[in-house]
Every structure is written in C-alpha cells, then in structure tokens.
Amino acid sequence: MKSPLLTLPGAVPAEGVDEGVAAHYGDLFREQRALADGAGFVDLSHRGVVTVTGEDRLAWLHLLLTQHVSDLPAGQATEALILSANGHIEHALYLVDDGETVWAHVEPGTQDALIAYLESMKFFYKVEVADRTADIAVVHLPAGSIAEVPQDAVVRETPYGRDLFLPRADLEAFAAQAGPPAGILAYEALRVEQHRPRLGFETDHRTIPHELGWIGSAVHLQKGCYRGQETVARVHNLGKPPRRLVFLHLDGSEVHLPVAGTQLRLADDGPDGRKIGFITTSVRHHELGPVALALVKRNVAVDAPLVAGDTAAAQEVVVEP
C-alpha cells in the first residue's frame, strides 16, 4: 500500500519489504538526529494492522501467544510471538488493548498468514479477528516527542516512543502538524543501535526466541501452554541456543556496507576461514558510523575480531553465549 506521504518534498521511496513508505526525505543523518532528539515522526503505514475484538479476546490470545496477556491492562504496550510446533518464530506482534479491542501491528505483508492462523484457532471463543490495514495507518513518534496525538488515535507507548494507530484518511493532516518526517532508514538505524530484532531481518526459518534476546520482552516463561513452548522451556532450562545476536562496529573506511546475508568469519582464520555467522541488518548511524546486527554461532568468543565479507568488524554482546 503506497503512502500518500511519498508526495512530501524530498521523499525517496523505500524498496523491498519496506516498499510503500519513504526511505528518507533527503538527509538521512539529519532525520536520525531529529528522532534521537524526540522530534518528527516516521511513516510506518505500510505495516499490517490486525485487531481482535470480543469478550474472550485476551484469554484467547493468551493461549496462542508467547506473551502473558490474559490480564493485560488497557493501554499497556507489549509484544509477542507466534511460534511453530518446533519453537521457530513465525510472527511478531506489537500489541496494545484499548479496553475493547486488541490492536497489533505486524511486518508488511504478514497479516494475511497471521489472520489465517488466528481464524483457524477460534473454535468456540467469542472473538472477531479483522484486517484493518486498509483503513488504519501506523505512525511512530520518537521518545520525548511533544507532538499532539489525535483524539481518535490508539496509542501504543514504549521506551522507544509511541506507535499510533491512526485512521489512514487522517495521515496527511497528521503529518502537516507532527514535525519533520523521517524515513524508514533513520528508524532502522536507531533500531539497530537499540539492538532490537525484526522479524524477517534477524530471523530465518529456524530462529528461536533465545537467539535474539526475545525472552522476557516477547516471551513469558511462567505462562501457560502455547505452540512451541516445549522448545522454549527446554532450551531455557537445559541448554543454550545454537546462535546469538551480536552488535557489530564495522570498519568505517569501507565505501559500501556489507549487505544482509554477508558471511562472517574469524579475522584470524584469513579469507578462507569457515563461516561463523552472517549480517542481518547493516546501517549508517549518525554517531556510531557503520554498524550492524548479526547472528553468530554461540561458541564464537565475545572478543574475537570478525570479518564481514572484506570488512573488519568488532563485536558487542547482545545475547550472552
């Protein structure tokens, strides 16, 4: 779905998964600095929006999600996953309940599969699931923002800022008063700085939550049964995940960033060294320079210098080995 905000001055369309919104509006670092200072907004209107209504909505979702939501207070933000039977991550939901409806935004294009799964699990529960992507847009206000929030917007407030579920028809009017727009590249740069994983970027078909640090923030270890719980409990109690998320500082003298999927190897092993991981997201940060998130094998030493393709990389621990 193409955002009307792509008509704003300087807007350059994003590509790939984030197609439909602006990559930037002409000055990537200025946009990053504005967001870091609590100014402006990010158009996330390409993300899927799913709602669940009905008196059983929280109790029902509690059975399906990795997060404890049966007693979720109105207005309290949370995030949750849906796992496969083997514990692999299939969906990531960013939730808030307004007292009558659970609102969730999800990765672009994933809402159809998510809704199909939810519909298949309704049984006798009094719930209704709806795709609201066509009429509701997600907009992000950074932490510290003093922008006025429209009265008809549902707000999901987190330590990183506020996600607004806004009527799509009001998007242009909101943009006119919300301050300078920032593109998805600025938003992604701050996400990487904050070590926050993203479905489809830091995940592949075999990712389990422990590898990305989603235990606690998106996975509640003391809640009841849900699909994939056996794997979650077994790895938490008896073992370690095979991989771990790391934050990388990349050699700033390189002109090109190593793209997602670029193989990582130990610098000491030379150009023919074995693969020990791969880049998941790489960005240029306004203060840190070129940085990235990556998945590496759990047993890689935390102080080992790495090479991403031909680019030197130094690790910071995100998930403990």
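Brief remarks follow.
- Normalised contact order of segment 58-171, rounded percent, pairs of Cα under 8 Å and 6 or more residues apart: 19 percent
- Extension reserve of the Ser217-Asp37 stretch, reckoned as 0.36 nm per residue once the Cα distance is removed: 62.3 nm
- Placing a label point 7 Å from the Cα of Gln263 along the Cα-to-Cβ direction, the residues of segment 292-318 whose backbone N falls under 13 Å of that point are 307-310.
- Candidate cross-link partners of Lys297 among the aspartates and glutamates, defined by an alpha-carbon separation under 17 Å and a same-chain spacing of 8 or more, comprise Glu202, Asp204, Glu211, Asp268, Asp269, Glu316, Glu320.
- Around the Cα centre of segment 1-116, unit charges on the Cβ atoms of Lys, Arg, Asp and Glu (plus for the first two, minus for the last two) sum to a dipole of about 240 debye.
- Phi angles across segment 57-68 convert, under the Karplus curve 6.51 cos²θ - 1.76 cosθ + 1.60 with θ = phi - 60°, into 3J(HN,Hα) values of 4, 6, 4, 5, 4, 4, 6, 9, 9, 7, 9, 7 Hz, Gly and Pro given as x.
- Normalised by 2.2 N^0.38 Å, where N is the number of residues, the alpha-carbon radius of gyration of segment 191-299 equals 1.20.
- Counted by Cβ distance under 13 Å from Val319, the other residues give a net charge of +2, where Lys and Arg count +1 and Asp and Glu count -1.
- Listed peptides 183-192, 135-144 by packing density, highest first (mean Cβ within 10 Å): 183-192, 135-144
- Net charge dipole size for the chain [Lys, Arg +1 and Asp, Glu -1 on Cβ; Debye, nearest 20]: 900 debye
- Heavy-atom accessible surface of the chain, averaged per residue, reaches 44 Å², computed with a 1.4 Å probe.
- Long pairs among Lys2/Lys126; Lys122/Lys223; Lys240/Lys275, criterion Cα-Cα beyond 28 Å: Lys2/Lys126
- Helical runs (DSSP H, four residues minimum) scored at -39500 (n - 2.57) apiece and divided by the length of the chain put the mean residue ellipticity at 222 nm at -4500 deg cm²/dmol.
- The relative contact order of segment 138-220 comes to 21 percent, based on Cα pairs under 8 Å that sit 6 or more residues apart.
- Using alpha carbons only: equivalent-ellipsoid semi-axes of segment 145-244, gyration tensor based, whole Å: 35, 17, 11
- Summed residue charge, Cβ within 12 Å of Arg132's Cβ, Lys/Arg positive, Asp/Glu negative: -1
- Cut-off under 5 Å, modelled amide H: who pairs with Glu90 long-range: Ile82, Leu83, Ser84
- Sites Glu230 and Leu58 - FRET efficiency at Förster radius 41 Å, r taken between beta-carbons, to 0.05: 0.95
- Globularity ratio of segment 1-125, using Cα Rg and 2.2 N^0.38 Å: 1.25
The values are calculated or read from the model by the stated rules, or taken from the named source; none is laboratory data. This one's a predicted model, so the numbers in the text were calculated from it and none came from an experiment. Using ideal geometry, Cβ is built from the backbone for each residue, glycine included, and neighbour counts are taken over all protein chains shown. The protein model used for the area step is the full one, side chains on, heavy atoms only, and it has no ligands, DNA or RNA in it. Shrake-Rupley method; radii C 1.70, N 1.55, O 1.52, S 1.80 Å.
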